[in-house]
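The values are calculated or read from the model by the stated rules, or taken from the named source; none is laboratory data. Everything numeric in this text was worked out from a predicted model, so none of it was measured. Ideal geometry is used to build each Cβ from the backbone, glycine not excepted, and the neighbour counts take in all protein chains shown. Each accessible area value is taken on the protein alone, full model and side chains, heavy atoms only, with ligands, DNA and RNA left out. Shrake-Rupley method; radii C 1.70, N 1.55, O 1.52, S 1.80 Å.
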Amino acid sequence: LEPPPSSEHSIVIIDVDQKSLGQIGQWPWSRRLLGQLVEQLTNYGALVVGWDFLFPEHERNDTGQLRQALEAGSAGEFADLLPRLTDLQTVLDGDRAFSESMAITDVVLGFSFKPNEVLEYGTLPEPIIGIDEELANSLAIANMQGYEGNVDVLQTAARGGGFIDNLPDIDGIIRRSPLIFRYKNNLYPSLALDMARLYYFEENFSLVTEPVPGTARREITGIKMGQVFIPTNRFGQVI
């Protein structure tokens with residue numbers, strides 16, 4: 001990876017394109033390699049690294065599978081290999097290498113909400129706002145039924161997590177992007193919002209609402225990030 005040219009913009013997208021696949025090989029890439037990418041980006045000056053990929057399964061470790069096969073087959077003449085294979089399993093653990101690389105900078109992992117599927121898979125990061133059930137039920141914000149998260153060793157090592165989902169308009173075109181989704185009585189941030197949280201060293205978020213005249217409902221007008229007000233529509237979306 002070559003350092004990006006100097007620019008007035010503070011956001012750089014690293015795209016896994018055909019050129020990348022041709023040089024490095026098919027996706028998924030080794031998580032050890034992904035960890036090295038985080039380290040390189042940090043050396044280039046990146047303050048926050050966000051991944052719009054999911055890592056819902058542990059990376060396959062062939063050394064561990066070989067050790068299990070030898071143990072199941074009563075190893076025999078290969079019994080002396082078992083202690084070395086156990087050590088190699090740790091050394092070649094891609095999840096472990098990736099998680100250790102996250103310690104050097106702020107990393108946000110993407111996850112996916114399921115609007116109509118009751119599913120709890122992987123580890124869900126911490127929400128940014130908790131709301132009571134009465135307020136939650138009065139809002140027009142999308143209420144997710146399930147999620148697909150990342151394996152615990154990676155999500156725990158990351159500094160945050162944000163959803164990577166968008167809901168298109170009725171004609172299939174995406175004109176707005178949600179900054180928050182509701183899951184149970186918590187509000188979770190998009191990948192972009194959680195990256196902004198870390199970039200600005202901000203932990204204080206609140207939902208700004210106003211009453212709808214003549215009803216018991218309230219409408220979202222925006223999100224407060226510290227002293228910064230981010231205006232949204234009533235669904236918590238921005239253009």
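Which of the peptides 18-27, 93-102 is most tightly packed, and how do the rest follow, judged by the mean count of other Cβ atoms within 10 Å per residue? Walk me through the intermediate numbers first.
Values: 18-27: 9.8, 93-102: 20.3.
Averaged packing, sorted descending, gives the order 93-102, 18-27.
For the peptides 49-60, 152-163, 187-198, what is the packing order when you average, over each peptide's residues, the other Cβ atoms within 10 Å and list the highest mean first? Working shown, then result.
Working: 49-60: 17.2, 152-163: 20.3, 187-198: 22.5.
Output ranking for 49-60, 152-163, 187-198: 187-198, 152-163, 49-60.
Got a number for carbon plus sulfur as a percent of the range 112-229's accessible area, 1.4 Å probe?
Numbers: 3140 of 6270 Å².
Answer for the range 112-229 is 50 percent, counting heavy atoms of protein chains only.
Considering every Cα-Cα pair within the range 194-233, what fraction, in whole percent, is farther apart than 12 Å? It would help to have the intermediate numbers written out before the result.
Details: 482 of 780 pairs.
Distances greater than 12 Å cover 62 percent of the Cα pairs.
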